[in-house]
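Report on one structure; see the data block that follows.
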Amino acid sequence: MIFTREGLILLMRSIGNELLEMRKENLDIHSKKHKADIQTKGDRYSESELVKFFQKSTPDIGIWGEEGANQNGSSDKKWYIDPIDGTIPYSAQRDNFSISVGLVENGKSIDGYIYFPAKNIFLNFSKSRKDDSIKINTNEVELSNAVIGFDFSAKADRENELQKFFLPLCAKVRYVFMEASFTGATLNFLQGKLQAYVHPSATPFDLAAAMVAVEEAGGVIRRLGGGEIDLNKDYNPVIMAVNKKLADDIENCLSL
């Protein structure tokens, strides 16, 4: 089997249709690290199908999946798989979830595929292919007028994140929305519904596809507190914003 962009898109659409059917039944929900960090049979199915596809179509490329897949390849590239980003909204019959796949080379995200089955929206951004179909409005936004997204992490550290992130944001910006999905927040950001988004501890699976989308659409995405986002780390504190000034203003109001 030879890898094609169209083949991956078709597969992700097929998986998405199956996920929508699955959640009409018992999802066999299991908690992982804590009660808000869950896995369903949909997560396991989605990752299994994507792993089989990549093993056949790109055997030289490594694979790393949120539900446990971890295979090295002979190249400097690796597929990062988030089989369901937003498992809580998925299991709660909400639409804010996606299948997210990013291609990473030497630690840098170079290609991203994100499919929202319940919305029938597909995003694909690549460092090697110019796409001007989505460009965000990068005009200056006052901090007090900003509408931003926020999510607690899967680290069961909510009291700390409440004090350091959520409450300072609520005090400074117009409104804060809880997104419950990193790629869902990315979609709202690209559609102009958010001017920024803050996540205290984003996983590499959250980031691998979303980073390409934000950067190629003209936005800013970076590690909070300085340094580069490291896709080999389990967690990165992250902000995305329409421009550097807003990112700076938001970061300055946080208790980092």
- Residue check for residue 192: within 20 Å of the chain's Cα centre (by Cα), more than 23 Å from residue 64 (Cβ to Cβ), outside any helix (DSSP H, G or I) and without any contact (Cβ under 8 Å) to a residue 60 or more places away in the chain: yes
- Task: Filter the range 142-184 down to residues that are open to solvent by less than 10 Å² (accessible area, probe 1.4 Å) and in a helix (DSSP H, G or I) and give me whichever is nearest to residue 203 (Cα to Cα).
- Result: 182
- Picking from 88, 110, the residue that is modelled with pLDDT under 95, over 16 Å from residue 50 (Cα atoms) and of a type in the set (Val, Ile, Thr) would be 88
- Just name the residue that is most open to solvent (accessible area, probe 1.4 Å) out of those in the range 98-141 that are among the charged types (D, E, K, R), more than 17 Å from the chain's Cα centre (by Cα) and more than 21 Å from residue 3 (Cβ to Cβ). 140
- Considering (1) small (Gly, Ala, Ser); (2) open to solvent by less than 30 Å² (accessible area, probe 1.4 Å); (3) assigned to a loop (DSSP other than H, G, I, E, B), say which one residue 247 fails and leave the rest. (3)
- Message: If residue 225 satisfies all but one of (1) small (Gly, Ala, Ser); (2) out of contact with any Lys or Arg (no Cβ under 7 Å at 6 or more places or on another chain); (3) exposed (fewer than 14 other Cβ atoms within 10 Å of the Cβ); (4) in a helix (DSSP H, G or I), what's the number of the condition it fails?
- Response: (4)
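Determine whether residue 99 is among the β-branched types (Val, Ile, Thr), modelled with pLDDT of 95 or more and within 28 Å of residue 245 (Cα to Cα). Give the derivation first.
Values: among the β-branched types (Val, Ile, Thr): yes; modelled with pLDDT of 95 or more: yes; within 28 Å of residue 245 (Cα to Cα): no.
No: the conditions fail for residue 99.
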- What are the pairs, 6+ residues apart or on separate chains, where a residue within the range 231-256 that is of a type in the set (Lys, Arg) has its Cβ under 8 Å from a residue that is assigned to a loop (DSSP other than H, G, I, E, B) and open to solvent by 50 Å² or more (accessible area, probe 1.4 Å)? 245/140
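Considering each residue of the range 199-222, count those that are part of a loop (DSSP other than H, G, I, E, B) and of a type in the set (S, T, N, Q), and give that number. Outline the logic, then answer.
Taking the range 199-222 first, the residues part of a loop (DSSP other than H, G, I, E, B) are 203, 217-219.
Cutting the leftovers down to of a type in the set (S, T, N, Q) gives us 203.
Count: 1.
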- Is it the case that residue 77 is open to solvent by 30 Å² or more (accessible area, probe 1.4 Å), of a type in the set (D, E, K, R) and at pLDDT below 95? no
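The values are calculated or read from the model by the stated rules, or taken from the named source; none is laboratory data. The structure presented is a predicted model; accordingly, all values stated were derived computationally and were not measured. Don't worry about glycine lacking a Cβ; one is built from the backbone with ideal geometry, like all the others, and counts go over all protein chains shown. Remember, those area values only see protein heavy atoms, side chains included, never the ligands or the DNA or RNA. Shrake-Rupley method; radii C 1.70, N 1.55, O 1.52, S 1.80 Å.
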